[in-house]
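Novice: Here you go, one structure.
The values are calculated or read from the model by the stated rules, or taken from the named source; none is laboratory data. As the structure is a prediction and not an experimental result, all values here were calculated from the model. Ideal geometry is used to build each Cβ from the backbone, glycine not excepted, and the neighbour counts take in all protein chains shown. Remember, those area values only see protein heavy atoms, side chains included, never the ligands or the DNA or RNA. Shrake-Rupley method; radii C 1.70, N 1.55, O 1.52, S 1.80 Å.
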Amino acid sequence: VILLDELSRAPLMTNNILFPCLDSRRQLPVEIADSKHDRVIKVHPECTFIATANIGSEYSGTNEIDAALLNRFLPIQLDYLPANIEMQILTIRTGVDQTVAAEVVSKFNTIRMAYNESKISKSVSTRELIACGEMIYDGFTVNEALDFIVCQKYLNNNYSDELTIVKRLLASL
């Protein structure tokens, strides 16, 4: 298995190298200095390529993936984990108790729902969920951790009302 992590961050020209590896040729031509011929490295028949990508305008430093390259993969969009699994991850990774984990996951899912409904421009990640749990474990209140981890994302952006929306959503739970 070859994992091409963050494919959408790779320079566009470097992705061209992948085409012959991912199509029926299954080979990588390599130019050799002082030679009139290319060397070919064959891709093993059991080799599988997997790529990850963050796609969308909210991800800076990413490129749109060329349609021809994307066509060589079977795209799968992953959603967030179910709430009970995220709660388990939060308790195991950070040490917060189940009650706190349930509250934080519920608030994160409320923000995610607002994002899915296009009420706000950014969602919140599992990584941010864990960071929030770590702050709580270190002695911050749930609201302090949410304010620092979640609300900061919505400061100074193009949508001045987003912070108000997010704070209202977090306070309503």
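Novice: Across the range 91-148, which residue is nearest to residue 172 (Cα to Cα) among those that are among the aromatic types (Phe, Trp, Tyr) and in contact with a helix residue (DSSP H, G or I) (Cβ under 9 Å, 6 or more places away or on another chain)?
Specialist: Step one: of the range 91-148, the residues among the aromatic types (Phe, Trp, Tyr) are 108, 115, 137, 140, 148.
Applying the additional criterion that residues be in contact with a helix residue (DSSP H, G or I) (Cβ under 9 Å, 6 or more places away or on another chain) yields 108, 137, 140, 148.
Values: 108: 12, 137: 23, 140: 20, 148: 18 Å.
Result: 108.
Novice: Scan the range 1-19 for residues that are open to solvent by 30 Å² or more (accessible area, probe 1.4 Å), part of a loop (DSSP other than H, G, I, E, B) and over 15 Å from residue 43 (Cβ atoms) and jot them down.
Specialist: Correct list: 5, 6, 11.
Novice: The conditions are (1) open to solvent by 90 Å² or more (accessible area, probe 1.4 Å); (2) closer than 30 Å to residue 126 by Cα; (3) modelled with pLDDT under 85, and residue 98 fails exactly one of them. Which is it?
Specialist: In the conditions (1) open to solvent by 90 Å² or more (accessible area, probe 1.4 Å); (2) closer than 30 Å to residue 126 by Cα; (3) modelled with pLDDT under 85, residue 98 misses (3) alone.
Novice: Only one residue in 124, 96, 105 is β-branched (Val, Ile, Thr), touching a residue at least 24 places away in the same chain (Cβ under 8 Å) and in contact with an Asp or Glu (Cβ under 6 Å, 6 or more places away or on another chain). Which one? Break it down into steps so the answer makes sense when it comes.
Specialist: Numbers: 124 fails: in contact with an Asp or Glu (Cβ under 6 Å, 6 or more places away or on another chain); 96 fails: in contact with an Asp or Glu (Cβ under 6 Å, 6 or more places away or on another chain).
Exactly one residue qualifies, and that residue is 105.
Novice: Applying the selection to the range 118-172, what residues are among the hydroxyl-bearing types (Ser, Thr, Tyr), open to solvent by 80 Å² or more (accessible area, probe 1.4 Å) and not in a loop (DSSP other than H, G, I, E, B)?
Specialist: 137
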